[in-house]
Every structure is written in structure tokens, then in C-alpha cells.
Amino acid sequence: MEVGHYAKMNPQINGTGKGYLAFLSTMSEMGHEVIRDFRKSYPMGEPEIFLCEKLGYSLRKSLAKFIDEYNWITITKGISVPPRWWPQRNT
């Protein structure tokens, strides 16, 4: 679960209502970091629109939904992004 993973970085994240608010604050910070990083390469664009276009989605997803899906893939399912077999991976 994402909350348990992020609780290792922020002890205020726990199973309480206040802990969930701390989790949401952490996700908000992550979203702002994504936007800052994205704007370094694409100053006029929006990351969620860019991702929807690149992935061929006909419906627009929010940045929060992309972050939620990233957490589900990487933390809940334990899949690295990009996958280890991806030919352009820089590791």
C-alpha cells in the first residue's frame, strides 16, 4: 500500500485521518515536483495532457490519477518503470 511506503519517508503518514492528510500533502508535493520537472523541457505544456497524448488516451486523466497509477504499478505491484527489459533504460 502506498501509505505504508510513504510513511517510511514521513512518520506523520499513518492510519489516522491526520495521517491521510499528510499522505495527500506528500502526493501534492510530488505533483508539484512533476510539474516543475516537466516545465524544464516543455515550458508551455501540461504533463497530464502530454501523457494522455503519448499514451493514446481519448479521455484526459488528471495528474493525480497518473500519480495514483504510478504508485499502484511501482509500489503495490512492484514493477519498475520503465521495465528492466526496456531497451532505452539508463541503468
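Just so you know, all these numbers are worked out from the coordinates, no wet-lab data involved. None of these values were measured; they are calculated from a predicted model. Every residue, glycine as well, gets a Cβ built from its backbone with ideal geometry; the counts of neighbours run over all protein chains shown.
P(r) tail for region 2-76, what percent of Cα pairs lie past 21 Å?
Considering region 2-76, 34 percent of its Cα-Cα pairs are separated by more than 21 Å.
Quote the FRET efficiency, to the nearest 0.05, computed for M44 versus I75 with a Förster distance R0 of 35 Å and r equal to the Cβ-Cβ distance.
That gives a FRET efficiency of 0.65.
What are the lysines whose alpha-carbon lies under 28 Å from the alpha-carbon of K40, with same-chain residues fewer than 8 places away excluded?
K54, K61, K65
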